[in-house]
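Beneath this line is the structure, given in structure tokens, with notes to follow.
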Amino acid sequence: IKALILENQKNNKKTVLGLATGATPVLLYRVLVQMHLDGLSFKDVITFNLDEYYPLTADAQQSYHRFMNENLFNHIDICRENINIPDGSLSLEKVEDFCDDYESKIDEVGGIDIQILGIGRTGHIGFNEPGSSPKSLTRLVTLDKKTRMDAAGDFRNEENVPRTAI
């Protein structure tokens, strides 16, 4: 990641990172923060996060917006307009257009250079539960019961876990 950012900076190009949440990438985010403290700039980095619970506001304790701010964005010099995370607070009528626009934004910046992934207990990546098409794009999905059970601790119990995510 560091080598790509530095190479792209030399060539006046942006680096596009796809980011994940959960336990898997936390150590990586700590390393990236340390790289920033050691002089690496993230001003020319654009990020796209994989997912967000729906419905859920960005300031909710369990929000991936909050997770990313606490674990990475608040500690580096990334431009806030370069941060892209699915919006879990949209009205249901706006979700499909948002998803189409999210895909368009990724295309407009030339795609993702490096994608960070984590794998859930069901085998899901980015809330693409088993059975999702490999050609699936950004969309509203129904979460598997195991996925919801795994998140129950964060939401105090399973009944509070959103049944869907973007």
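The values are calculated or read from the model by the stated rules, or taken from the named source; none is laboratory data. Predicted model, so just to flag it, every value in this text is computed and none were measured. Just the protein is used for accessible areas: all its heavy atoms, side chains included, with ligands, DNA and RNA removed. Shrake-Rupley method; radii C 1.70, N 1.55, O 1.52, S 1.80 Å.
Per residue, how much accessible area does the chain show when a 1.4 Å probe rolls over the protein heavy atoms, in square angstrom? Working shown, then result.
Working: 9250 Å² over 166 residues.
Using a 1.4 Å probe on heavy atoms only, each residue of the chain averages 56 Å².
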Determine, at each q value in 0.20 (inverse angstroms), the log₁₀ of I(q)/I(0) that the Debye formula gives when each Cα of the range 9-99 is one equal point scatterer. -0.99
With a 1.4 Å probe and every protein chain kept in, tell me what percent of the accessible surface of the chain is carbon plus sulfur. 50
Over the chain, with a single point scatterer placed on each C-alpha, what log10 of the ratio I(q)/I(0) does the Debye formula yield at q = 0.11, 0.15 1/Å? -0.46, -0.85
Whole-Hz ³J(HN,Hα) from phi, Karplus 6.51 cos²θ - 1.76 cosθ + 1.60, for the range 47-53, glycine and proline x: 10, 10, 7, 5, 7, 7, 4
Could you name the lysines in cross-link range of K14, using Cα to Cα under 16 Å and dropping any fewer than eight places away on the same chain? K2, K43, K105
When the Cα centres of the range 59-80 and the range 21-54 are compared, how far apart do they sit, in Å? 9
For V45, which sequence-distant residues (separation of 5 or more, or a different chain) have an amide H within less than 5 Å of its own amide H, given hydrogens modelled in the peptide plane? T15, C79
Below 8 Å between Cα atoms, with a sequence gap of 6+, how large is the relative contact order for the chain in percent? 26
